[in-house]
Amino acid sequence: NVKGDLYLRDSKITSLPEGLKVGGDLDLGWTKITSLPEGLEVGGILDLYWTNITSLPKGLKVDDYLNIRETTLLEYTDDELREMIQPGFIKGQIIR
């Protein structure tokens, strides 16, 4: 668990551990990550800019906005993305 922000932008990370909880923002922009663990909790912004993530996990909780610019997630509507993560939630906007 991370109490504050976790900035991994431009890192070589390819996966995240199950049960990860980030109290602040989680920035995964420009990484090689392709999926997120089920039940991921982010207390701030989740930034997926320029990643190869193709779906969102069940139970995802984002207390601020979700950034999906330049990802394949753009093919889904906001409603489809929110349905994909049920019973999770995205409290803020989905930035396209």
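The values are calculated or read from the model by the stated rules, or taken from the named source; none is laboratory data. These figures come from a predicted structure and were not determined experimentally. Glycine gets a Cβ as well: all are built from the backbone with ideal geometry, and neighbour counts include every protein chain shown. The protein model used for the area step is the full one, side chains on, heavy atoms only, and it has no ligands, DNA or RNA in it. Shrake-Rupley method; radii C 1.70, N 1.55, O 1.52, S 1.80 Å.
Taking into account only those residues within the stretch 66-96 that are surrounded by 17 or more Cβ atoms within 10 Å (Cβ to Cβ) and in contact with a Gly (Cβ under 8 Å, 6 or more places away or on another chain), which is nearest to ILE45 (Cα to Cα)? First the steps, then the outcome.
Initially, the stretch 66-96 is screened for residues surrounded by 17 or more Cβ atoms within 10 Å (Cβ to Cβ), giving 66-68, 71, 73, 76, 81-82, 85, 88, 90, 94.
Then drop every residue that is not in contact with a Gly (Cβ under 8 Å, 6 or more places away or on another chain), which leaves 66-67, 85, 88.
Values: LEU66: 6, ASN67: 8, ILE85: 16, GLY88: 15 Å.
This residue is LEU66.
Pick from the stretch 1-10 the residues that are open to solvent by 70 Å² or more (accessible area, probe 1.4 Å) and part of a loop (DSSP other than H, G, I, E, B): which of them is modelled with the lowest pLDDT? This residue is ASN1. Count of the stretch 16-31 residues, restricted to those that are modelled with pLDDT under 95 and under 24 Å from GLU75 (Cα atoms), is 0.
Restricting to the stretch 11-38, count the residues that are more than 15 Å from ASN67 (Cβ to Cβ), open to solvent by 30 Å² or more (accessible area, probe 1.4 Å) and part of a loop (DSSP other than H, G, I, E, B).
13
Within the stretch 3-15, residues that are on the phi > 0 side of the Ramachandran plot have Cβ atoms under 9 Å from residues that are assigned to a loop (DSSP other than H, G, I, E, B) and open to solvent by 80 Å² or more (accessible area, probe 1.4 Å) in these pairs: ASP10/TRP30, counting only partners at least 6 apart in sequence or on another chain. There is no residue in the stretch 40-63 that is touching a strand residue (DSSP E or B) at 6+ places or on another chain (Cβ under 8 Å), open to solvent by 80 Å² or more (accessible area, probe 1.4 Å) and at pLDDT 95 or above.
Pairing each residue of the stretch 68-91 that is under 18 Å from PRO37 (Cβ atoms) with any residue that is open to solvent by 60 Å² or more (accessible area, probe 1.4 Å) and assigned to a helix (DSSP H, G or I), provided the two are 6+ apart or on different chains, yields C-beta distances under 9 Å for ILE68/LEU74; GLY88/ARG82; PHE89/ARG82; ILE90/ARG82.
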